[in-house]
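Please treat every number below as a calculation from the coordinates, not as lab data. Note that the coordinates shown come from a computational prediction; the quantities given were computed from them, not determined experimentally. Ideal geometry is used to build each Cβ from the backbone, glycine not excepted, and the neighbour counts take in all protein chains shown.
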């Protein structure tokens, strides 16, 4: 019972380590957008090239979700998490050595692949440890990631002003190496083998199940929106809203500010209520807040719009994931989560290229306008289309 309720000391240690690893994964990916204006100027690349580089990072992050699930089935979740921590810390350090666009693409590719090793085994380990409180535990994990996103612009701005953008990568890699050793000592390495062939066949088949298809579709949309808006938010505020670079970095923190407190609460609520209702409301609210961001002409309205957008988008991760886990066979949760995340995140990863291209040809605001419409349409479709088709019948 102690393990089931997530109240044992070991359960708390697992959640602490998983949250810390997710903090760094989030931090390493989200510290790049505040640095993008300096990197674009220093490496002499266009917004489109910057968008392609970020799309590559996110696409390879997405691709690795499924292989990391299969690896977890063979090596154990803890082994994959620990090895991945060492790998993505090294890759993050190397990004600082980028001297040209090809270097940047190569090192961001490594960072995408290595950061992609955490979330699938991490979700599996958390939901298996906190069976009755998985929504709450996933919400805690997500809230810690939001804290990382708030820390990212502060460190980026401070170190860049003092030492240049490269120092951010050199200094930022050190906590990852330390966490890898700490996780190895406190959590250890374990194996819980599942046959690869059976897991692969069951996971691929699961994509055709209405609940899993629904979760994949929803995640594709909100990851497209999340990555498209947030990767270019500091650049949008700096270039099109004429904010100072430090101020745009501060505003980049707002999407994650509210989610630190709200996400665990919504995760807890999702353990008790119909989850797709929550998802529908959050998607529509996120779209409306993005419209308000484009219309707002004063800083308070801009800050509020960004805050609401971040709360709505961030809250979708634990709610949708908890919904998905309930519909996957217990013997294929790891690989099932992996193929679901790989599919949805790969689709959503094209967003930075789309926003970067729109920024070069029209404006970033035009791209945000399109994304707002997609969010609202998706939220409405969940309440109407999926109910009519009976995609999820009587499921929480």
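Peptides 177-186, 359-368 ranked from most to least packed give 359-368, 177-186, packing being the mean of other C-beta atoms within 10 angstrom over each peptide's residues. Centre-to-centre separation between the Cα atoms of the stretch 104-164 and those of the stretch 169-186: 13 Å. Model label sites at residue 9 and residue 154, defined 7 Å from Cα along the beta-carbon direction, differ in position by 3.1 nm. The gain in end-to-end length when the residue 161 to residue 299 segment is fully stretched comes to 47.3 nm, 0.36 nm per residue minus the alpha carbon separation.
To the nearest 0.05, how large is the calculated FRET efficiency for residue 291 and residue 174 if R₀ is 41 Å and r is the Cβ-Cβ distance? Working shown, then result.
Values: r = 41 Å, r/R0 = 1.01.
For residue 291 and residue 174, the calculated efficiency is 0.50.
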